[in-house]
1. Out of residues 5 or more away from R83 or on other chains, whose amide H comes under 5 Å of its own, with H placed 1.01 Å from N in the peptide plane?
2. Once phi is turned into θ = phi - 60°, what whole-Hz ³J(HN,Hα) does the Karplus curve with 6.51, -1.76 and 1.60 give for every residue of segment 161-177, x standing for Gly and Pro?
3. Can you list which of the trypsin sites (Lys or Arg not before Pro) found in segment 87-171 are DSSP loop residues with at most 14 other C-beta atoms within 10 Å?
4. Given a Förster distance of 41 Å, report the FRET efficiency between T74 and Q118 from their Cβ-Cβ distance, rounded to the nearest 0.05.
5. Mind scanning K14/K148; K14/K48; K42/K113 and naming the pairs with a C-alpha gap bigger than 21 Å?
6. Given the -39500 (n - 2.57) contribution per DSSP H run of 4+ residues, what per-residue ellipticity at 222 nm results for the chain, rounded to the nearest 500 deg cm²/dmol?
7. Rounded, prolate or oblate: which one fits the chain, using the alpha carbon gyration tensor with axes a ≥ b ≥ c (rounded when a/c is under 1.5, else prolate when a/b beats b/c, else oblate)?
8. From Cα pairs below 8 angstrom and at least 6 apart in sequence, can you work out the relative contact order of segment 98-201, rounded to a whole percent?
Amino acid sequence: MQLFYSQTSPFARKVTMFLNYTGLVNDCELVLCSFSSEELRKHNPLGKIPALRNGDLTLFDSELILEYLDDLWTVNGNLSLLRRGSRFYYAERKAAMTANGILDAAVSSMFEKKRDTQPSDYWLERWREAIEQGLDQLQLEHCGSAEKPSMSSFCLASALGYLDFRHPDLNWRQSRPELEQWFEAISASSWFIDTAPPASA
Ligand SMILES: N[C@@H](CCC(=O)N[C@@H](CS)C(=O)NCC(=O)O)C(=O)O
């Protein structure tokens, strides 16, 4: 199995967090690539990171990759990290989608700020609001914990890690002590530390 990834992609990081936590990383070759990589485009025609290859199967979009990896993980009797079959399944998925939406808005803002023409204040404000409201309405009780992570833990950990990495000015910790505490505990986990983007990137 191969994962095409970059060290700074928060979408890829959700997947590498899962691989590290479950130990499936030992069955997976991590292939560093960039958006323009020919090899990546062979596996993802959209040219987006991450993409996964297992034999003849190629998958893209981090969510589908995680669903597939959860199937591999549960085949040996491990508990689903997607919480399939649990009565909290939809609450967990909603929390994960909120974290993913925060991440989408944060990545879009980063690209918008990097463009060589004037960035759109309208879009930057819209994405800032999405991030703030998403964080305020997150149901943390459905985001797992450092002791018992779930798929939504990886999504939220990646989103918050990315806010620290690319948008420190947002000060997301301000007036969110519970979220700050949740993240502090998560940040000490080896699957979080081992997947961090390089400090110089
Ligand atoms: N929904 C996709 C988003 C992937 C994505 O946008 N990845 C970024 C890297 S952080 C990318 O490859 N951007 C290049 C592009 O959009 O051309 C997923 O979850 O995998």
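No value in this document is a laboratory result; all are computed from the given coordinates. Keep in mind that what you see is a predicted model, and the values were worked out from it rather than measured. Virtual Cβ from ideal backbone geometry, glycine too; neighbours counted across all protein chains shown.
1. Amide H to amide H, under 5 Å and 5 or more residues apart or across chains, R83 pairs with M151.
2. The phi angles translate into x, 5, 4, 5, 6, 10, 10, x, 5, 6, 6, 5, 6, 4, 6, 10, x Hz.
3. Values: sites: R87, R93, K94, K113, K114, R115, R126, R128, R166; in loops: R87, R115.
Here the sparse-neighbourhood loop sites are R87, R115.
4. On the way: r = 49 Å, r/R0 = 1.19.
Efficiency at R0 = 41 Å is approximately 0.25.
5. Numbers: K14/K148 16 Å; K14/K48 14 Å; K42/K113 29 Å.
Going by Cα-Cα distance, K42/K113 fall outside the 21 Å limit.
6. Working: 8 runs with 106 residues, N = 201.
Dividing the helical sum by the residues of the chain leaves -17000 deg cm²/dmol.
7. On the way: a/c = 1.73, a/b = 1.11, b/c = 1.55.
Oblate, because a/c is 1.5 or more while a/b does not exceed b/c.
8. Details: 76 pairs, mean separation 29.1, N = 104.
Rounded, it is 28 percent for segment 98-201.
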